[in-house]
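Q: Encoded as structure tokens, here's the structure I'll be asking about.
The values are calculated or read from the model by the stated rules, or taken from the named source; none is laboratory data. As the structure is a prediction and not an experimental result, all values here were calculated from the model. No Cβ is skipped: glycine too gets one built from the backbone with ideal geometry, and neighbour counts run over all protein chains shown. Surface accessibility is based on the protein's heavy atoms, side chains included, excluding ligands, DNA and RNA. Shrake-Rupley method; radii C 1.70, N 1.55, O 1.52, S 1.80 Å.
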Amino acid sequence: MSVAKQWLSAWLESVWYDHRPLARLSLSPLSYVFCYLAQQRKAKLSLEQQQFPVPVLVVGNITVGGTGKTPLVIWLIEHLRAAGYRPGVVSRGFGGKQTAVHLVQAQDQAFEVGDEPVVIVQRTAVPLVIGRDRPAAIAHLLAKTDCNLVISDDGLQHYRMARDLEIVVLDGARRFGNGYCLPAGPLREKPVRLQACDFVVTNGQAQQGEYTLQILGKNLQSLVGAEQRALSLFQGQSVHAVTGIGNPARFFSHLTSAGLSLLEHVFPDHHAFTAKNLSFQDNLPILMTEKDAVKCRNFPADIIKNAWYLPIEAQLDTAFAEHLLQRLKELTVHG
């Protein structure tokens with residue numbers, strides 16, 4: 001991403017989440033156009049929906065940026081397996097070069113298939129197909145594997161894909177930003193869209209009718225071996241905190257709450273890291289997210305010898321787990 005695009009991205013986020021009424025007002029006509037076109041697109045694609053012979057669960061959001069979908073998808077895979085299901089996953093593979101549908105393998109490179117699919121497959125060994133066309137990806141998944149349930153990662157607005165359950169993830173701190181659709185605000189769809197969803201899961205402080213998602217991470221993993229260290233061991237130290245994720249503030253907050261002093265290095269979401277990005281002129285530890293680490297593991301050993309990533313896990317309300325399984329039992333599977 002060019003410097004100009006980085007500046008524009010940062011400026012837009014300040015409009016969405018800070019009090020900048022004049023900038024928001026200047027962009028608001030474009031937001032009305034966006035909302036209208038989004039509704040027209042939804043109506044058109046909904047008429048072309050493709051049904052599938054297994055339940056399809058969509059995990060998505062109505063805002064741009066990271067909300068915690070990937071850890072939730074991993075939690076769903078593990079929880080549904082424990083309940084006797086054989087889940088598979090479809091994903092866009094954002095940030096990867098692969099354009100055709102592709103069954104992701106654990107050894108695939110993130111720059112080819114996307115960082116999030118690699119993390120999900122390496123953590124769970126789930127069958128996962130990437131593809132820009134979600135119905136085609138599901139068809140490929142069902143043809144190549146024995147899964148009996150499909151999870152669509154970030155597929156809420158893919159309306160050609162019929163779905164049985166919709167799970168929307170919200171950022172508990174940012175919520176809906178200034179309440180405007182793109183580009184004046186962060187919304188892909190208006191908040192009224194949540195009324196049609198089956199579950200609203202909030203990463204942080206949940207409100208009435210929502211389920212709480214907590215992200216936990218206590219142990220750091222080395223990029224060059226199997227060594228693990230408790231995050232608490234870095235308390236009081238200065239570290240390079242490197243991110244290329246949608247909401248880096250959440251990662252930084254997690255590190256500072258553990259008592260670390262951060263030198264922050266923020267890159268765009270899904271950034272294609274190079275060794276130069278991690279070439280700091282000191283011996284301080286380098287800390288990053290797992291999504292970023294999968295793109296840096298093959299860098300020269302002298303660059304990443306003191307680099308660590310923080311695997312995270314989702315923790316959800318017991319009520320959510322119970323209600324989800326109950327809804328799945330009630331589904332009438334399409335023939």
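Q: Among the residues that make up region 141-151, is at least one of them among the β-branched types (Val, Ile, Thr), within 16 Å of the chain's Cα centre (by Cα) and over 19 Å from LEU37 (Cα atoms)?
A: Yes, the conditions are met somewhere in region 141-151.
Q: When ILE74 is evaluated against the numbered criteria (1) open to solvent by less than 50 Å² (accessible area, probe 1.4 Å); (2) over 24 Å from PHE252 (Cβ atoms); (3) of a type in the set (Val, Ile, Thr); (4) not in a strand (DSSP E or B), which criterion, by number, is the only one it fails?
A: ILE74 satisfies all of (1) open to solvent by less than 50 Å² (accessible area, probe 1.4 Å); (2) over 24 Å from PHE252 (Cβ atoms); (3) of a type in the set (Val, Ile, Thr); (4) not in a strand (DSSP E or B) except (2).
Q: Please give the number of the condition ARG229 fails out of (1) part of a loop (DSSP other than H, G, I, E, B); (2) charged (D, E, K, R); (3) more than 19 Å from the chain's Cα centre (by Cα).
A: Failing condition for ARG229: (1).
Okay, residues lined up against (1) assigned to a strand (DSSP E or B); (2) touching a Lys or Arg at 6+ places or on another chain (Cβ under 9 Å); (3) β-branched (Val, Ile, Thr):
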residue	(1), (2), (3)
LEU263	yes, no, no
HIS270	no, yes, no
GLN281	no, no, no
LEU284	no, no, no
TYR309	yes, yes, no
ALA319	no, no, no
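Q: Out of (1) free of Cβ contacts under 8 Å to residues at least 60 places away in the same chain; (2) open to solvent by less than 30 Å² (accessible area, probe 1.4 Å); (3) over 27 Å from ARG24 (Cα atoms), what's the single condition that is false for ASP133?
A: (2)
Q: Among the listed residues LEU231, LEU220, which satisfies the condition of being in contact with a helix residue (DSSP H, G or I) (Cβ under 6 Å, 6 or more places away or on another chain), over 30 Å from GLY177 (Cα atoms) and crowded, with 18+ Cβ neighbours inside 10 Å?
A: LEU220
Q: When the residues of region 53-71 are narrowed to those that are touching a Gly at 6+ places or on another chain (Cβ under 8 Å) and assigned to a loop (DSSP other than H, G, I, E, B), which ends up surrounded by the most Cβ atoms within 10 Å (Cβ to Cβ)?
A: THR67
Q: Now, a different point. Answer yes or no as to whether GLY244 is surrounded by 17 or more Cβ atoms within 10 Å (Cβ to Cβ), of a type outside the set (A, V, I, L, M) and closer than 30 Å to LEU22 by Cβ.
A: For GLY244, the condition - surrounded by 17 or more Cβ atoms within 10 Å (Cβ to Cβ), of a type outside the set (A, V, I, L, M) and closer than 30 Å to LEU22 by Cβ - is not met.
Q: From the list PHE111, PHE52, PHE94, which residue is of a type in the set (Phe, Trp, Tyr) and within 26 Å of GLN315 (Cα to Cα)?
A: Exactly one residue qualifies, and that residue is PHE94.
Q: Further question: Taking into account only those residues within region 77-118 that are assigned to a helix (DSSP H, G or I) and under 11 Å from the mean Cα position of the chain (by Cα), which is nearest to TYR180 (Cα to Cα)?
A: Across region 77-118, the extreme among qualifying residues is GLU116.
Q: If TYR32 passes every condition in (1) more than 22 Å from the chain's Cα centre (by Cα); (2) farther than 22 Å from ALA196 by Cα; (3) of a type outside the set (A, V, I, L, M, F, W, C); (4) open to solvent by 50 Å² or more (accessible area, probe 1.4 Å) but one, which one does it miss?
A: Looking at each condition in turn, TYR32 falls short on (2).
Q: Another question, if that's okay. State which residue is nearest to the chain's Cα centre (by Cα) when the search covers only region 287-309 and only residues that are among the hydrophobic types (A, V, I, L, M, F, W, C) and open to solvent by 10 Å² or more (accessible area, probe 1.4 Å).
A: So the residue we want is VAL294.
Q: Kindly indicate whether any position in region 155-176 is open to solvent by 40 Å² or more (accessible area, probe 1.4 Å) and either under 11 Å from VAL90 (Cα atoms) or polar (S, T, N, Q) (or both).
A: no
Q: What tally of residues in region 42-80 results from selecting those that are within 21 Å of ILE245 (Cα to Cα) and among the small types (Gly, Ala, Ser)?
A: The qualifying residues number 4.
Q: Output the number of the condition that HIS254 fails; it satisfies all remaining conditions of (1) under 18 Å from THR67 (Cβ atoms); (2) surrounded by 18 or more Cβ atoms within 10 Å (Cβ to Cβ); (3) at pLDDT 95 or above.
A: (3)
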